[in-house]
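So the structure is just underneath, and the comments pick up after that.
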Amino acid sequence: MAKVTCESLLVNPWRIFSYPHQSFAAPSLTQTTHTQMKTRKKLTLSSTRTRALPFDLSPPPIDHDFLDTVSAATAGAKVSDDGVVETFHNDDQALDAADNGLVVVDLSHFCRIRVSGDDRIQFLHNQSTANFECLHEGQGCDTVFVTPTARTKDIAHAWVMKNAVMLMVSPVSRSISEMLKKYIFFNDKVEIQDITKQTCFFVLVGPKSNHVMEELNLGDLVGQPYGTHQHFSVNGMPVTVGVGNVISEKGFSLLMSPAAAGSVWKTILSHGATPMGSIAWEKLRILQGKPAPQKELTNEYNVLEAGLWNSISLTKGCYKGQETISRLITYDGVKQRLWGICLSAPAEPGSIITVGGKKVGKLTSCTSGRKESEYFGLGYIKRQNVSEGDMVVVGDAITGTVVEVPFLAGQRPPSRSSSS
């Protein structure tokens, strides 16, 4: 087995190896012990032929902490009491890299739910808005969990794997797994498992993400449909790489064992990625216009008002919230929609939005813009009162301009003839 230095690893850290039924470009980094890494700083590189892994993503106990790796690889990282990397003290640089380069974000605090069992597809098909029955292994989609009256709980990113469906939801939505368990009936062959603590989850954002994937010999995923994913192995542990990065259909997501997380993180940084903390990520979320639970996704607003058209099927059978959604579409009953708002000053979420002194909506999120003098928010506004470019007042005297945002601009209202 050939050994290479870290410097050699940067040139070509990923290798091809075959499974009985499919071939993957695999990051086959075999890591030495923690002590050896400190002293020799070498990695073992190998190609392996093995049977297909089940990808249950239930790794053995880990004897090191990924946050230690993050702190060592990116000096100055500030970690919250609950283990979330808040900032690398480079927020402006990271936001610029998201627009012009590449950032890597540790979203391991987001919740991962594994849905398994013979009835898993039909179960999720009935419990959320997307059409799971038209998806095959290796594909994915966004789907929304709603109330019977189509009020929003959270939007989940789903990967359909061989033995399970993996759901990635917001960190405040850990109750989703408990909610799903309540709808499993006696004869249903469905199991719900929260694997958040057993896995790590990274996303790549920025126009250079495709280039880095090519450099890592993962170019087969470049240009594939949103949600497409493939399985690889790092240190003998499963890693899944998928198209899309939670706030965009571009970029990529990586789900892995904590045992592999350190190697993957350092390799991505070595290819020029800028690390981004949760504070900058929240700002990017707002600027991109991605709705979030307890802010834009609440019992006050339905899934159509949130503009989540790409996550909704109009053609599949009965599912929770379908009757309300169908009625809203049939009778053009969507009375408000989510907009971006360029603000003249910071405003408190919950502030009333007015036009000509008349209440027309409410602000749901606010952040500083990419420049110090700029502020930006998201808010629901009645449809008949504004269009893009119109002026509004937020709170008592803060002026704002209504604008479209990238995430919502990419949503495509489905037609009744759609097969999805």
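Annotation: THR129 fulfils all but one of (1) under 19 Å from the mean Cα position of the chain (by Cα); (2) of a type outside the set (A, V, I, L, M, F, W, C); (3) over 29 Å from GLU323 (Cα atoms); the unmet one is (3). Within region 383-391, not a single residue is in a strand (DSSP E or B), in contact with a Gly (Cβ under 9 Å, 6 or more places away or on another chain), under 19 Å from GLU305 (Cβ atoms) and open to solvent by less than 20 Å² (accessible area, probe 1.4 Å). Within region 196-218, residues that are on the phi > 0 side of the Ramachandran plot reach partners that are assigned to a helix (DSSP H, G or I) and at pLDDT 95 or above with beta carbons closer than 8 Å, at six or more positions or on different chains, in the pairs GLY206/ALA97; GLY206/ALA98; GLY206/ASP99; GLY206/ASN100. Tallying residues that are open to solvent by less than 60 Å² (accessible area, probe 1.4 Å) and of a type in the set (D, E, K, R) within region 143-180 yields 1.
Find the residue count for region 204-224, including only residues that are of a type in the set (S, T, N, Q) and part of a helix (DSSP H, G or I). Residues flagged as of a type in the set (S, T, N, Q) and part of a helix (DSSP H, G or I) within region 204-224 amount to 2.
Of the residues making up region 362-374, not a single one is closer than 25 Å to SER248 by Cβ and more than 28 Å from the chain's Cα centre (by Cα).
Table: residues versus (1) more than 24 Å from THR367 (Cβ to Cβ); (2) of a type outside the set (S, T, N, Q); (3) more than 21 Å from the chain's Cα centre (by Cα).
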position	(1), (2), (3)
TYR301	no, yes, yes
SER313	yes, no, no
LYS320	yes, yes, yes
SER326	yes, no, yes
GLY333	yes, yes, yes
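Close contacts from region 327-338, counting a first residue that is free of Cβ contacts under 8 Å to residues at least 40 places away in the same chain and a second that is part of a loop (DSSP other than H, G, I, E, B) and open to solvent by 80 Å² or more (accessible area, probe 1.4 Å), with Cβ to Cβ under 8 Å and a gap of 6+ residues or different chains, come to none at all.
Within the span defined as region 78-98, every residue fails to be closer than 21 Å to HIS231 by Cβ, among the hydrophobic types (A, V, I, L, M, F, W, C) and under 20 Å from the mean Cα position of the chain (by Cα).
Only one entry in ARG112, ARG120 is buried (at least 21 other Cβ atoms within 10 Å of the Cβ) and within 22 Å of VAL203 (Cα to Cα), namely ARG112. For the list (1) under 18 Å from ILE155 (Cβ atoms); (2) assigned to a loop (DSSP other than H, G, I, E, B); (3) touching a Gly at 6+ places or on another chain (Cβ under 9 Å); (4) not aliphatic (A, V, I, L, M), I need the number of the one condition that GLY340 fails. Looking at each condition in turn, GLY340 falls short on (2).
A single entry from THR364, THR401 fulfils the requirement of being assigned to a strand (DSSP E or B) and in contact with a Cys (Cβ under 7 Å, 6 or more places away or on another chain): THR401.
Here GLY140 passes the criteria (1) surrounded by fewer than 22 Cβ atoms within 10 Å (Cβ to Cβ); (2) touching a strand residue (DSSP E or B) at 6+ places or on another chain (Cβ under 8 Å); (3) at pLDDT 95 or above except the one numbered (1).
For region 181-207, a residue qualifies if it is surrounded by 18 or more Cβ atoms within 10 Å (Cβ to Cβ) and modelled with pLDDT of 95 or more, and the qualifying residues are VAL190, ILE192, PHE201, PHE202, VAL203, LEU204, VAL205, GLY206.
Among all residues of region 182-189, there is none that is under 21 Å from the mean Cα position of the chain (by Cα) and among the polar types (S, T, N, Q). Restricting the search to helices (runs of 4 or more DSSP H) fully inside region 70-185 and requiring at least 2 residues that are touching a Gly at 6+ places or on another chain (Cβ under 9 Å) and on the phi < 0 side of the Ramachandran plot gives 91-100, 120-127.
Taken over region 80-135, the criterion of being farther than 25 Å from ALA292 by Cβ and of a type in the set (Asp, Glu) is satisfied by ASP118, ASP119, GLU133.
The values are calculated or read from the model by the stated rules, or taken from the named source; none is laboratory data. None of these values were measured; they are calculated from a predicted model. With ideal geometry, Cβ positions are generated from the backbone for all residues, glycine too; neighbour counts draw on all protein chains shown. Remember, those area values only see protein heavy atoms, side chains included, never the ligands or the DNA or RNA. Shrake-Rupley method; radii C 1.70, N 1.55, O 1.52, S 1.80 Å.
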